[in-house]
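The values are calculated or read from the model by the stated rules, or taken from the named source; none is laboratory data. Because the structure is a prediction, the values reported are computed rather than measured. All Cβ positions, glycine included, derive from the backbone under ideal geometry; neighbour counts span all protein chains shown. Just so you know, the surface numbers come from the protein's heavy atoms only, side chains and all, with ligands and any DNA or RNA stripped out. Shrake-Rupley method; radii C 1.70, N 1.55, O 1.52, S 1.80 Å.
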Amino acid sequence: MAEPLDYDSLRTETVLQVAKLMAGAAITAPKSGGQLFLAGKHNFMETVVVSDPDDRRALAEWCRARGKERREAIWFRDADVAEAVDAILFVGIADWYPPNYDCGACGYATCAEFLHATKGLRDDSAELEFAGPTCNLRDIDLGIAVGSAAKTAAIHSIDCRCQTRVAVAARKIGVIRADVAVALSLSMTHKSVGFDRKIPDSLDYDALDYPATDTLPIGTPDGSRYGGARNRQQPRYALDHPPSGEG
């Protein structure tokens, strides 16, 4: 006897199954320094799936709090998306190490020189949205991994939207450990919940009641750009006085 598929249960189960396949694609995607893996170095590609509505609501609320601080409406749009999708796959680089190519893309002659010269900046980046600087080739590896994951979503007809702001929220509330990450928001609906979602208009940031996120930078008053979607940000240090460990 034919048994109809219940849409709600099919939706959740299918999205989570595809999210796991996407995580596998991110881990197996090509990366720099493959010989290091053969020599026993650990996997630095972190993958975490969040589907519980309460967990996604927590991510959304952090995004709204951050949007108030930065005075940027685009954070509120991404918060709405986090609550509307079925699951979010986070892909990031955690406990990374350079491939020892000594390629110079970072501006230093060797990987060892880069790690030594920029350690102070990494140690001082806890209050920033992402931690850095990171190796350029590792950032490229992350991009390839995210592309591989998004390709897997497309193969299985699951709507996927790549976002960085939700990934920042995941770092700050302890969902992920990665220094740099991307959130892949996933849904299975008759119409994609993300791509036509508009950025809110005319937000009164000073009237919003959200707690501080203890994150930098902070938006400048009257610094609105692109119709309020983005805003000019205050530098942490004076531009003519770089912090120690830079330059």
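Key figures for this structure:
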{"read-out": "Qualifying residue in the stretch 40-48 (condition: assigned to a helix (DSSP H, G or I), open to solvent by 40 Å² or more (accessible area, probe 1.4 Å) and not polar (S, T, N, Q))", "value": "no"}
{"read-out": "Matching residues, the stretch 1-29, being modelled with pLDDT of 95 or more, open to solvent by 40 Å² or more (accessible area, probe 1.4 Å) and of a type outside the set (D, E, K, R)", "value": "Leu16, Gln17, Leu21, Ile27, Thr28"}
{"read-out": "Scope the stretch 108-132; condition in contact with a Phe, Trp or Tyr (Cβ under 8 Å, 6 or more places away or on another chain) and not in a helix (DSSP H, G or I); matching residues", "value": "Tyr108"}
{"read-out": "The stretch 152-209 - residue that is among the acidic types (Asp, Glu) and not in a loop (DSSP other than H, G, I, E, B) and, of those, surrounded by the fewest Cβ atoms within 10 Å (Cβ to Cβ)", "value": "Asp206"}
{"read-out": "Number of the exception - Val81 against (1) over 27 Å from Arg230 (Cβ atoms); (2) hydrophobic (A, V, I, L, M, F, W, C); (3) in contact with a strand residue (DSSP E or B) (Cβ under 6 Å, 6 or more places away or on another chain); (4) open to solvent by less than 60 Å² (accessible area, probe 1.4 Å)", "value": "(1)"}
{"read-out": "Checklist (1) crowded, with 16+ Cβ neighbours inside 10 Å; (2) in contact (Cβ under 8 Å) with a residue 24 or more places away in the chain; (3) assigned to a loop (DSSP other than H, G, I, E, B) applied to Asp95, failing item", "value": "(1)"}
{"read-out": "Flag for Glu113 being charged (D, E, K, R), over 19 Å from Ser51 (Cα atoms) and free of Cβ contacts under 8 Å to residues at least 12 places away in the same chain", "value": "yes"}
